[in-house]
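What follows is a set of notes on a single structure, which appears directly below.
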């Protein structure tokens, strides 16, 4: 067996063994952390301007440095959205009664109809 093939097999074995390890808990000063697979982004409250001239108002409620609830103003009404576990780990907030879903990304937010998954307001950034 050649040296290159041995090195390749050793690297492959190391990579495969790492797949069985739980994800690390990451705490960073830039406001991004991951704990139990869920991310937390340090994003502001206030007015958000979205595509197609739409606007969304957000008031973030923090608990232990984690955003756990949103007060969302949209189309003249106020909704309370609770943090919901997401498979992707992205911050996902939902108001079960209205079906509204807000998803935070580090660079924008997205408001969805939770029943049809259709975007209601897209490319929302803090004003």
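The values are calculated or read from the model by the stated rules, or taken from the named source; none is laboratory data. Keep in mind that this is a model prediction, so the values were computed, not measured. In this analysis, Cβ positions are derived from the backbone assuming ideal geometry, glycine residues included, and neighbour counts consider all displayed protein chains.
Quick notes on this one:
- Top-ranked residue of the stretch 85-99 - restricted to ones that are in a strand (DSSP E or B) and over 10 Å from the mean Cα position of the chain (by Cα), ranked as surrounded by the fewest Cβ atoms within 10 Å (Cβ to Cβ): 95
- Near pairs, Cβ below 8 angstrom, 6+ apart or cross-chain, from the stretch 99-114 (free of Cβ contacts under 8 Å to residues at least 24 places away in the same chain and at positive phi) to any residue that is outside any strand (DSSP E or B) and surrounded by 14 or more Cβ atoms within 10 Å (Cβ to Cβ): 99/114
- Identity of the residue in the stretch 100-122, in a loop (DSSP other than H, G, I, E, B) and under 12 Å from the mean Cα position of the chain (by Cα), that ends up nearest to residue 55 (Cα to Cα): 108
- Sole exception among (1) surrounded by fewer than 16 Cβ atoms within 10 Å (Cβ to Cβ); (2) part of a loop (DSSP other than H, G, I, E, B); (3) at pLDDT 95 or above for residue 78, by number: (2)
- Scan of the stretch 34-56 for residues that are within 11 Å of the chain's Cα centre (by Cα) and either at pLDDT below 80 or at positive phi (or both), ordered by number: 34, 37
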